[in-house]
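**Student:** One structure, as structure tokens, below. Some questions next.
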Amino acid sequence: MNRNFISGLGLFLLALAFVMVILLNNLWFSGIRVDLTENKLFTLAAGTREIVEDIDEPINLYFFFSEKASEDLTTLRAYANRVRELLQEYALLADGKINLQLIDPEPFSDAEDRAAAFGLQGVPVNSAGDELYFGLAATNALDDQQVIGFFQPDKEEFLEYEISKLIQNLLVQNKPKVGLLSSLKVQGDMDMNTFQTTPAWVVIDQIDQASELQTITPDAESLPAGLDLLVLIQPHGLAESLLSSIDQFALSGGRVLVFVDPLAEMDQSQVNPVMGMSGAETSIDFPLLAGWGVLLRKDVVLGDAQQALTVSGADGQPVRHLSILGLQAQNFNNEDIILSSLETINVSTAGILDVLDQRSTQVDVLMASSEYAMPIERLRLKMLGDPSELLPDFQATGLVYPVAVRITGAAKSQYPVTVDGDDSVLSTGQLNVIVVADTDILTDRLWVQLQDFFGQRIVSPWANNGDFVTNAVDNLTGSSALISIRSRGRFSRPFEVVQDLRREAEASYLNSANDLQSQLAETERQLGELESSRDEQNLLSLSPEQEATLVRFQQEKLRIRKALRNVRHQLDKDIEMLGSTLKFMNIVLMPLVLTFILLVLKYLRLHQISGRRQS
């Protein structure tokens, strides 16, 4: 009896000690974090820390997630837990300057009405009409609002960027100032045939709506002060003083978005968009590119057989145009935020950007051709009568040619002179430039359909050209801290070996199923013929041939069903064997290995101590 009492008391004290350890850990070490994940998923980036440190007045974050509606969505619940923990890291880092509220918007509740009032997206999850909310709303002291309507799991790599961008937008009260310098008539022109003004390009209107746009003429001597971003479109023939001003702007922390083109089709007013690609008489020359580490290849345009779009030829028949390209996701750097969710970007007579070996900058390719590409002489495109003329001589080089790049890092001034009595900036380590080797990417004809509806211009995009430019402007006008936040790893770590086994088995299963369907169709055809023959002979019973066919069909169907069951059984068997192997390794093998290593270390230590005593 005494022994049982002592044993029970020991277990009680052990449980009490365990609870005390947990309480003391939560009390004393709640602010200590150790991130052991491969991609440091729970370690906030330096840019995020800088943004959070700039918060001067409290920001309210409202995280909405429907617990009940997501009961059967285990993958989404795991991702929601990832988002919740990341938001808690933000609140912990802010030290009281971020008020985080976790809200479960149950159906027909005030919380659901609040989520809808913020503009969050409710996704129907059942036939009863229940909606699942999984978004974030934020407000500041001035009642400004920012919203992430729905956290999409396929954009997990950019989760931290989106949250930091939301906070950054609440800290900035004024629209960014964007300077636009273009040798093309992107802001509208006079149509000499009708003597009516033409509207600005749609993409320019989008930039104008999101920013404070300031036009800079190509004959200007210098840039205006206070710009956040400079957009250059086909900047050729600029005065040296203006080039020097652009150089100083970039070195002083200003961001630059450049569109250059070896054959800008809109450089002349009379241009056939498919056939008569006359373009500018001289190739573009923008000398600052070389100092930033890239060059626009002279007098050539990009041809790509794999990405070529179909246009009307000289005879009106459809033909693939090797220099009018539809770049797809496989041509994009999907790790860059401005391209992560885009599908198609159309370019026309685009150039090729060569990345210089001798450079001080970091150059990341944003868009590139396929391997089925080659340079085409610019003069040939200028004189082109029919796109089909390019096909016979086309020979892919097997190389991938950059069309757009992001340039960051260190650069030196190419015009180290005194500007307005002040010493010029000689170098920088924070260059931020995006260069695109095409200006036609901006034209309406390559990405948007325009309709006039009672005097209103209706814009219907059919490609992502406008999204690309808007994303680039949005990214470059953000703070340096925001730009530094790149894509992160994924929280979900799928069992890739198991998925491969499942895919192989399913492929085999589908092949067998297709065979079954083919045999069924053939048997039904034969039965139809026999039925027709029986009807013609007015037979009331099945003939021996019909009976044999039916028996053969039933036996064949049973055989294939058995094969399908074997495939499924083998799939489950392989997965179970893999699971058993992993369990053995984690539960038995690894502890034994670690124990063996500890015993060896203990033995070596004891042997070392024994040796010291003997000596």
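A short reminder: the numbers here are calculations on the coordinates, not readings from a lab. All values derive from a computational prediction rather than experimental measurement. FYI the Cβ positions are ideal-geometry reconstructions off the backbone, even for glycines, and counts take in every protein chain you see.
**Student:** Please list, in chain and number order, the residues 5+ apart from T198 or on another chain whose amide H is under 5 Å from its amide H, with Hs placed from the backbone.
**Tutor:** Amide H to amide H, under 5 Å and 5 or more residues apart or across chains, T198 pairs with D189, M190, D191.
**Student:** On to the next question. Sorting L327, L61, L223, L598 on the 10 Å Cβ count, fewest up front, what's the list?
**Tutor:** L598, L223, L61, L327
**Student:** Taking 7 Å along the Cα-to-C-beta vector as the label spot, tell me the N334-Q614 distance in nanometres, rounded to one decimal.
**Tutor:** Taking the two extended label points, one gets 6.4 nm.
**Student:** Sticking with this one: Cα centroid distance between region 64-138 and region 327-342, in Å?
**Tutor:** Here the two parts' Cα centres lie 28 Å apart.
**Student:** Would you pull out the residues with amide H under 5 Å of V231's amide H, same chain only if 5 or more places away, H placed 1.01 Å from N?
**Tutor:** G179, L180, L181, L257
**Student:** Among S323, S369, rank each residue by its count of other Cβ atoms within 10 Å, from fewest to most, as a rough exposure measure.
**Tutor:** So the ranking, lowest neighbour count to highest, is S323, S369.
**Student:** Take I587, I103 and order them by how many other Cβ atoms sit within 10 Å, fewest up front.
**Tutor:** The most exposed by this proxy come first: I587, I103.
**Student:** While we're on this one: Under a plain spin-label model, where a point goes 7 Å from the Cα along Cα-to-Cβ, how far apart in nm are A17 and F394?
**Tutor:** 7.6 nm
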